[in-house]
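Report on the following structure.
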There are 2 protein chains.
Amino acid sequence: MTEKIEHIGIAVADLDRATELYTRLLGIPPYKTERVESEGVEVAFFRVGQSKIELLAPLHEASPIAKFLAKRGEGIHHVAFGVSDIRAELQRLKAEGFELLNENPKPGADRKWVAFVHPKSAGGVLVELCQDREKDDDHGG
Amino acid sequence: MTEKIEHIGIAVADLDRATELYTRLLGIPPYKTERVESEGVEVAFFRVGQSKIELLAPLHEASPIAKFLAKRGEGIHHVAFGVSDIRAELQRLKAEGFELLNENPKPGADRKWVAFVHPKSAGGVLVELCQDREKDDDHGG
């Protein structure tokens, strides 16, 4: 079961420009920026209650975010739900008939284990699951 | 300043079918369904931590959700931030240069005062502000 909205991912073309815009929109600055080479993105995180806003800008043209921007333009890219046992939740969703983009959790930004559900099986929404990654935890819970 | 992600609004074609899907995805049933005639939608709400998932289905072809579905298909429609003083927040955003779709709060679903920010001024994201509506409160705080 999902415990919270962990974050909303928003695709942006230029991270500096978008960070300035969302700082004015939310009334707070980002608490962290990070490069995630494996996903081809640089990201900025804003804290909003128990959730975050994650801005994602492409590092290069092969980034999934570059493809999203070319097709749809800037806007909401995905929603991430926080779970306490990501492997159990992936098994539950698979048994419910959801198509997983990741059968196993992989390391994600901001010290998380993450996995995605295909939007075709989730009503057009790209759904991410997130679990906190502990120090020395290298196997995804 | 925004206090939490109040909800994520997701446009769906068929509320019953989508409610079944999201009940399986989230692992919980909706806590409420509601018709909002003024917006031309029927909605279902799921509780996720301090936030909600709001499914929005059109009641007729003139509904903004019908137009969204025709253009983009099912998917995330807007993000709503919870604030304690919606009028003060609207003034702050206007002073920051954001284009407001509602200069004054209007009654929204699930006992809220709501107002929207134009996505053109907010990086392609349709942003809603929400404030709890008290009993006998008819002027938006």
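The values are calculated or read from the model by the stated rules, or taken from the named source; none is laboratory data. All values reported here derive from a predicted model rather than from experimental measurement. Note that we place each Cβ from the backbone using ideal geometry, even for glycine, and neighbour counts take in every protein chain shown. Just the protein is used for accessible areas: all its heavy atoms, side chains included, with ligands, DNA and RNA removed. Shrake-Rupley method; radii C 1.70, N 1.55, O 1.52, S 1.80 Å.
Residues considered: A:E20, A:E89, A:E6, A:E54. Of these, the only one that is open to solvent by less than 20 Å² (accessible area, probe 1.4 Å) and in a helix (DSSP H, G or I) is A:E89.
If you check A:F116 against the conditions, is it closer than 30 Å to B:F116 by Cβ and open to solvent by 10 Å² or more (accessible area, probe 1.4 Å)? Step through it out loud before you land on a result.
Working: closer than 30 Å to B:F116 by Cβ: yes; open to solvent by 10 Å² or more (accessible area, probe 1.4 Å): yes.
When the stated conditions are applied, A:F116 passes them.
Considering only segment B:75-127, how many residues are in contact (Cβ under 8 Å) with a residue 24 or more places away in the chain and either within 26 Å of A:L56 (Cα to Cα) or of a type in the set (A, V, I, L, M) (or both)? Spell out the reasoning first.
Taking segment B:75-127 first, the residues in contact (Cβ under 8 Å) with a residue 24 or more places away in the chain are B:75-87, B:89-90, B:93, B:97-98, B:104-110, B:112-117, B:121-122, B:125-127.
From what is left, the residues that are either within 26 Å of A:L56 (Cα to Cα) or of a type in the set (A, V, I, L, M) (or both) are B:75-83, B:86, B:89-90, B:93, B:97-98, B:109, B:114-117, B:121-122, B:125-127.
Going through segment B:75-127 one residue at a time, the tally reaches 25.
Taken over segment A:23-37, the criterion of being assigned to a helix (DSSP H, G or I) and out of contact with any Gly (no Cβ under 9 Å at 6 or more places or on another chain) is satisfied by A:T23, A:L26, A:E37.
Please specify each residue of segment B:92-141 satisfying the condition of being closer than 24 Å to B:E42 by Cα, hydrophobic (A, V, I, L, M, F, W, C), modelled with pLDDT of 95 or more and part of a loop (DSSP other than H, G, I, E, B). Hits for segment B:92-141 are B:L101, B:V125, B:L126. Looking only at segment B:29-40, which residues are without any contact (Cβ under 8 Å) to a residue 40 or more places away in the chain, open to solvent by 30 Å² or more (accessible area, probe 1.4 Å) and either farther than 15 Å from B:H7 by Cβ or facing chain A (nearest Cβ under 7 Å) (or both)? Matches in segment B:29-40: B:P29, B:R35, B:E37.
Tell me, please, whether a residue that is away from every other protein chain (no Cβ under 12 Å) and free of Cβ contacts under 8 Å to residues at least 12 places away in the same chain can be found in segment B:5-26. Yes, because at least one residue in segment B:5-26 is away from every other protein chain (no Cβ under 12 Å) and free of Cβ contacts under 8 Å to residues at least 12 places away in the same chain. Among the conditions (1) in contact with a helix residue (DSSP H, G or I) (Cβ under 7 Å, 6 or more places away or on another chain); (2) of a type outside the set (F, W, Y); (3) closer than 18 Å to B:K120 by Cα; (4) away from every other protein chain (no Cβ under 12 Å), B:P105 misses just one, which is (3).
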